[in-house]
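The values are calculated or read from the model by the stated rules, or taken from the named source; none is laboratory data. Keep in mind that what you see is a predicted model, and the values were worked out from it rather than measured. Counting neighbours? That spans all protein chains shown, and the Cβs are built from the backbone with ideal geometry, glycine included. Only protein heavy atoms, including side chains, enter the accessible area calculation; ligands, DNA and RNA are left aside. Shrake-Rupley method; radii C 1.70, N 1.55, O 1.52, S 1.80 Å.
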Amino acid sequence: MIGKADERQSEQTRQLELSEQAHRQNQSMKMNRRTLLASLGIAGIALGSRALGAPGLVDASPLQGSVTNSVYGGGSESCCEEVQDQIASVITRLDHMCVENVRDHGAQGDGTTDDTSSIQAAIDAASLAGGGTVCIPSGTYMISAPLAMAPRVMLHGEGDATVIKAFAASGWGTAHLYHGMIDMVGVQYAILKDFCLHQNGSARLPANHVSYGVLVNASSDCVIDNVTFLDPGLNDEYGHPSGPQLALIAKDEEKSGWGGGIGGCYRVSVRKCRFIRSGTASVDFAIRVLSNWENLIPTDEFVHYNEGHTFIDCYFKGEFAWNTLEFAGGATRYNKVTHCLFDGQTLTHIDFDKGANNNVAAFNTIYSGGKADRYIGDATKRAHAIDDHGTVAGYMNYGNTIAYNSINHLNNDNAIDNYESAISASFTRQSLIVGNTINGVNGQRVGGGIFISKNVDGVTIENNRIRNVRKGIFTDANSNNTNGVRIHNNEIEAVEQAIIIALLSGGGKGFSFTGNKLKTTSAQTCLHVAAGILESPVYALNTAEGGTIAFVLSGQHAVAIGNVARNASQYSYQVREKMTLIGNVSLNPGTGDLTKLSSSPLPALIGNTFTGASAAMAPAFGYASAAPVDGVWKQGDIFYNTAPSPGASVGWICTAGGTPGTWKAFGAIDL
């Protein structure tokens, strides 16, 4: 028997070596990134890299493609369906292999016996057999040290009736620091399915610390399915280690305090799991997906990546002091969180951080939020439901997608920070913020919907619906180096400005505002752009309802085309720099159609539908079949004849302002 077991283990080792050899060969392959992503879409990258057998093959070069492909994937099936098929395939494979029962190896599951060695023995036996399922019947199984998963082994319980629970005051000393209750390190096709992992944090002291519920490192094609992560952290003050319930770590160099070793993580699927922070213990994160960032390794020099992971249909409940789900580091890329539910307080529910690139957060529901209790009074900590931010000294984020999420009731009764928001972007490039629904931020008192901060380049904010906020889409007046922001087709209702843009010098190129439907419900401006910051912006086909001034337009050589202003209490339009207004409409302003700052140059007005411009404005140009008989006009306004005929005039010019003023024909047409 021993000889056969050794033979099986030798064969398993040989297969793993062959797999590693194939990986190294594939690493040298050259492939056009755009061809790959065009065929798969960013959401299909997990399937694509697996089919190629080449973790880390795809680089982080600019991704071109539609928003739909970025969110759904390139094929007719969604990424969720593809991932579900992959998970089912792996589980089916292991279900047909050997079966070990932990009770046969001495486990009691009585809530008092130390079952660590019995469960480990069952895992090892399945591994020696070439892989298979380790069954854990219902019961509470106490452990005092990490369980080490093996390749092609599934740890399978009976739902929440099966509890693996850490002792609070035995084991778990410094020898196990920065390990998990379960370590998935250096394995492939390992599965955790249908049980509860209880960290027992509320009864735990620092001397018996458990860093993680599950640690994943240097592993690929693993599944965590229908697992409840319960009671993490420590019953102690912040400053002691309180790592996440689930950690996926990729390292190109040793990093103390992370666990695992040198290596990457590829294609880990987390499905239908529950991450619950209950009891009195505090914890900083539910999930962290990390790669090195401290030493600022150039993006194209990473060897080991954290990529191709999917987090689907998961539930997060309770307070996570720092972030609920964090993707961090320049080698953290092409991951996706979708159809998850977040409910509780935190600084950020979904965080793209420190160079994380080409990740997707889509179709998630975030319900409730605001700062964790630990940071309520800390003015240096800012809360956002979803945050896409690199770092000032190192890694810019790139190409992340935040799409079709529902964000509701982020109410912090004690909030005082004007820049808290549902979604935030800073130090990021080529991001997509599309199709999100935002309803309620801080009781409409402070903060707002989408916050644009420093060093933002080429970001598209499109088709979002924002309600019950103080501000809709807004910037920090201290922001700079922000360019290429496209704000298109959003529907916003805000107490104050629906859109307000104010920046320092050093940015402001390539801004465009098109097709937005805006409304403000107070004595504020509706769309407001501060003077002296934007270069040649475009304002087109927007509608604005209410406010003291519907549109405050700025930007040297700006063009405003086809906008509609309704029911402003004072003016429909205010211009603050040299610009051209073409085909804009003013309806029911309280004071007038158009005004300008006293120092601003006169705008060029072509074909606008105004009831009458201020006398301080340049001549208005219009088209009619006769001179005006109503409205307020000024000297120099011109209407061109829309029905010219021989002997008639080219048009009419106002020679004396008034209501409707004095109009004279000009330019007789020859008979």
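Computed quantities for the displayed model
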quantity	calculated
Residue tally, condition within 17 Å of Val337 (Cβ to Cβ), crowded, with 24+ Cβ neighbours inside 10 Å and either among the polar types (S, T, N, Q) or over 12 Å from the mean Cα position of the chain (by Cα) (or both), over the stretch 384-427	5
Segments classed as strands (runs of 3 or more DSSP E), wholly inside the stretch 319-419, with at least 2 members that are under 21 Å from Val469 (Cα atoms)	341-343, 348-353, 365-367, 384-389, 401-403, 406-410
Which numbered condition Asp104 fails, given (1) part of a helix (DSSP H, G or I); (2) modelled with pLDDT of 95 or more; (3) under 39 Å from the mean Cα position of the chain (by Cα); (4) not basic (Lys, Arg)	(3)
Test: residue in the stretch 107-118 that is modelled with pLDDT of 90 or more and under 35 Å from the mean Cα position of the chain (by Cα)	no
2 or more residues touching a residue at least 12 places away in the same chain (Cβ under 8 Å) and of a type in the set (A, V, I, L, M): qualifying strands (runs of 3 or more DSSP E) within the stretch 546-658	549-553, 558-561, 564-566, 579-582, 585-587, 604-606, 649-656
Residue that is farthest from the chain's Cα centre (by Cα), among those in the stretch 515-555 that are crowded, with 21+ Cβ neighbours inside 10 Å and farther than 15 Å from Ser572 by Cα	Gly555
Subset of the stretch 251-282 (residues that are on the phi < 0 side of the Ramachandran plot, out of contact with any helix residue (DSSP H, G or I) (no Cβ under 6 Å at 6 or more places or on another chain) and modelled with pLDDT under 90)	Asp252, Glu253, Glu254, Lys255, Ser256, Trp258, Gly261, Ser278, Ser282
Matching entry among Ser170, Ser138 (being open to solvent by 40 Å² or more (accessible area, probe 1.4 Å), modelled with pLDDT of 95 or more and of a type in the set (Ser, Thr, Tyr))	Ser138
Pairs where the first residue, in the stretch 173-195, is among the aliphatic types (A, V, I, L, M) and the second is open to solvent by 30 Å² or more (accessible area, probe 1.4 Å) and at pLDDT below 95, C-beta under 7 Å, 6+ apart	Val185/Gly260
Count of residues meeting criterion [closer than 17 Å to Asn217 by Cβ and of a type outside the set (Gly, Ala, Ser)] in the stretch 141-190	17
Test: residue in the stretch 469-491 that is polar (S, T, N, Q), over 21 Å from Glu577 (Cα atoms), modelled with pLDDT of 90 or more and surrounded by fewer than 24 Cβ atoms within 10 Å (Cβ to Cβ)	yes
Extreme residue, surrounded by the fewest Cβ atoms within 10 Å (Cβ to Cβ), among residues of the stretch 640-671 that are closer than 30 Å to Leu597 by Cα and in contact with a Ser or Thr (Cβ under 9 Å, 6 or more places away or on another chain)	Ala656
